[in-house]
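Every read-out reported here was derived from the displayed coordinates using simple, explicitly stated rules and does not represent laboratory data. All figures in this text were calculated on a predicted structure; none of them were measured in a lab. Virtual Cβ from ideal backbone geometry, glycine too; neighbours counted across all protein chains shown.
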Amino acid sequence: MSETGQRRIVVVGGGTAGWMAAATLSRFLGNTSIILVESDAIGIVGVGEATIPQIHLFIGGLGLHEADIVRETKATYKLGIEFDGWLEPGHRYMHAFGIVGRAVGVIPFRQLWHSARSHGLAEEFGHYYFNEVAARMGRMAIPEGPANSALGLVHAYHFDASLFAAFLRRYAEERGVTRIEGKIDSVERDEQGGDVAALLLDGGRRIEGDFFLDCTGFRSLLLGQTLGIGFRDWSNYLPCDRALAVPCARSENFRPFTQSIARKAGWQWRIPLQHRTGNGHVYCSSQISDDEAASILLEHLDGDALDDPRPLRFTAGMREQVWSHNVVALGLSAGFMEPLESTSIHLIQSSIARLLTFLPKASAGPAVREKFNRQTATEWEQIRDFLILHYKANRRIGEPFWDQCRDMPIPATLAEKIALFEEAAIIVREDNELFTEEGWGQVMIGQGLEPRSFSPLAAALPRDEMAAYLAKLAATYRSAAAALPTHAEFVDSMLAKSARRKEVHA
C-alpha cells in the first residue's frame with residue numbers, strides 16, 4: 001500500500017490494452033492509485049482496428065459519447081465481416097451482427113430457411129438479415145427503437161487503434177492516472193511469496209505496486225518472463241504465424257463492413273477508416289515466403305500504399321494462466337489469436353470486466369485466481385474453435401495450405417458443434433459464449449456445411465405460406481435499407497454532432 005493507504009495498481013505498458021485498463025480502473029475503483037509505465041521507445045503492435053458490438057458496453061461504462069469516438073478515432077461503422085473466397089474462390093458470405101430473419105412461433109428462422117431451401121423456395125441466407133442487406137447497400141443508421149428490433153442495425157466500429165489509445169489516455173489522466181515514461185531494466189519480486197514487488201526503471205527509479213497488469217505485448221514481461229507462466233501453443237489448429245500490415249489511401253467505396261479475403265496461404269483484411277484503409281496479410285510462413293506475402297498484399301490494395309508493410313510474427317495460443325500471483329496479463333501478454341473475427345480488443349475488454357468482478361479488496365487467494373483463469377481459458381477456447389471452423393470447412397481443393405486446414409484434426413468441442421449441425425441443423429450456445437447461435441449459423445452455412453435433417457415443425461409449414469413469408473421478409477429488409485442514409489452520410493452526421501457537443505462544452 002502507498003503511504004496514504006491506497007492500493008497501488010501498476011499498469012505495465014500502454015497501447016490499447018494498457019490504456020483501456022487504466023481508463024476503466026480510474027472510472028470504477030476508489031481509493032486506488034493507478035500508475036501506467038510505458039516507453040515511447042518501444043513500438044506498439046496496434047494492428048487491430050475492427051471491433052464487435054460488445055465495445056458499446058465499454059464505451060457506455062466509461063460514459064463516453066459515440067459521436068466523440070467517431071471523431072477522435074477516425075472511426076467508421078461496421079455491420080459485419082464479409083468472407084471472400086473462404087469456402088471456394090468466387091464465393092462470398094457475411095457474418096453480420098444482429099438478428100437473422102424472424103422466428104415463426106417456436107421455430108427458429110434458421111430451421112425454417114433450411115426447410116424452405118430444400119424445396120427451392122428460399123433466397124440466399126444473407127437476404128434475410130437486415131445488417132447484411134444494409135451493409136451490401138452501403139447504408140447505415142442507428143435505430144430509434146430497441147437495437148434488437150426487426151429493423152435495428154447492430155453495429156460496431158472500425159477505428160485507428162493508436163488514436164483510440166490516445167483518447168483513453170487523456171480520459172485516464174484526467175481522472176488521476178499517473179503516466180511514467182521509462183524502460184524497465186528489471187523486475188523485483190517479494191522473497192517470501194514470489195509476488196512482483198516493484199519495477200526498476202532506467203535511471204535507477206523504482207516503482208512499487210500491490211497489483212500489476214502486464215500489458216507488455218508479446219514479451220509478456222511479468223507473466224511470461226518474470227513469473228515463468230508457460231504458453232499453450234494452438235498452431236496445430238491455427239497455422240498462420242505471420243502478418244504484414246500496411247495502410248493505404250481511403251477508397252471511395254466506403255463500406256460499412258470488414259473484408260476478410262482468402263489468399264494462397266492465409267487471408268487479407270481490409271478495414272475502411274475516415275482517413276485511410278487498414279490492410280493486412282495473415283499467412284503461414286511454411287507455405288509462402290515473406291516476399292511473396294508482401295507482394296500479394298501490395299497487389300490487392302484498393303488505394304496507394306502509405307507506408308512499407310510492417311511485419312509481425314506470432315504463435316496462436318494463450319498463457320497457461322492469465323492471473324498468477326499479483327499479476328494479470330491483458331492483450332498480447334495473455335496470448336494471441338489472429339483478428340479473423342475482430343476479437344482482440346474484445347478479449348482485453350472482457351478480461352478487464354472479469355477483473356473488476358474478481359479483484360478483492362485485499363490480496364487474492366488461489367480460489368479467486370483459479371476461477372478467473374478457468375473462465376478466461378473457456379472464453380479463449382470457444383473463440384479459438386470459432387476461428388478454426390473458418391479454416392476447417394473449406395473447399396479450396398488442390399491448394400496446399402487449404403488442403404492442410406481441411407484435413408487437420410480439430411478440438412472435440414468443435415467436432416461436436418459441427419456434428420450437431422450436420423445431423424439436424426442444431427446449434428447450442430454454452431457457458432454464455434461470445435458467439436451466438438446466429439453467428440455460428442451464418443458461418444456454418446457460409447462455409448458450406450449441410451444438415452442432413454431439420455426441425456419437423458419447420459417441415460410441417462405449408463410451402464406457399466413459407467414462400468410468401470420469406471419473400472415478404474426479404475422485400476421488407478431491402479425497402480427499409482434503401483431508405484437509410486449512406487454510410488458516408490451517417491459518419492458525417494456523427495462528426496457534425498460531435499462538433500456541436502464540443503462547442504457546447506468549450
### Query
So what's the angle, to the nearest 10 degrees on a 0 to 90 scale, between helix 15-28 and the longest Cα principal axis of the chain?
80
### Query
Which angle from 0 to 90°, rounded to the nearest 10, does the C-alpha axis of helix 290-299 make with the longest principal axis of the chain?
60
### Query
Using Cα atoms only, what is the angle between the long axis of helix 437-446 and the major principal axis of the chain, expressed in degrees (0 to 90) to the nearest 10?
60
### Message
For a test of the definition: using alpha carbon positions, the gyration tensor, and the 1.5 limit on a/c, classify segment 232-386 as rounded, prolate or oblate.
### Response
prolate
### Query
In a Debye calculation with equal point scatterers on the alpha-carbon sites of the chain and no solvent, what is log10 I(q)/I(0) at q = 0.07 Å⁻¹?
-0.40
### Karplus 3J(HN,Hα) series, Hz, for segment 225-235 with 6.51 cos²θ - 1.76 cosθ + 1.60 (x for Gly, Pro)
6, 7, 8, x, 6, x, 10, 8, 7, 10, 5
### Query
At 222 nm, what helix-only mean residue ellipticity would the chain give, in deg cm²/dmol to the nearest 500, using -39500 (n - 2.57) for each DSSP H run of four or more?
-11500 deg cm²/dmol
## Note on the structure
Violations at 28 Å Cα threshold for listed pairs Lys74/Lys183; Lys78/Lys264; Lys371/Lys417 -> Lys74/Lys183
### Task
Evaluate the relative contact order of the chain (contact order divided by residue number), counting alpha-carbon pairs under 8 angstrom at least 6 apart; express in whole percent.
22
### Query
For Arg374 and Ser162 in the same chain, what is the full-extension length gain: residue separation times 0.36 nm, less their Cα-Cα distance, in nm?
73.2 nm
### Task
Give, rounded to the nearest 20 debye, the magnitude of the charge dipole that the chain has about its Cα centre when Lys and Arg contribute +1 at Cβ and Asp and Glu contribute -1 at Cβ.
940
### Summary
Among the Cα-Cα pairs of segment 3-137, the proportion with separation greater than 18 Å, in percent, is 72
## Note on the structure
Inverse of <1/r> over all distinct C-alpha pairs of segment 242-313, i.e. the Kirkwood Rh in Å, gives 12.1
### Query
Per the Kirkwood definition applied to all pairs of different Cα atoms, how many angstroms is the hydrodynamic radius of segment 369-506?
19.4
### Query
Using Cα pairs under 8 angstrom and six or more residues apart, how large is the relative contact order of segment 242-313, in percent?
45
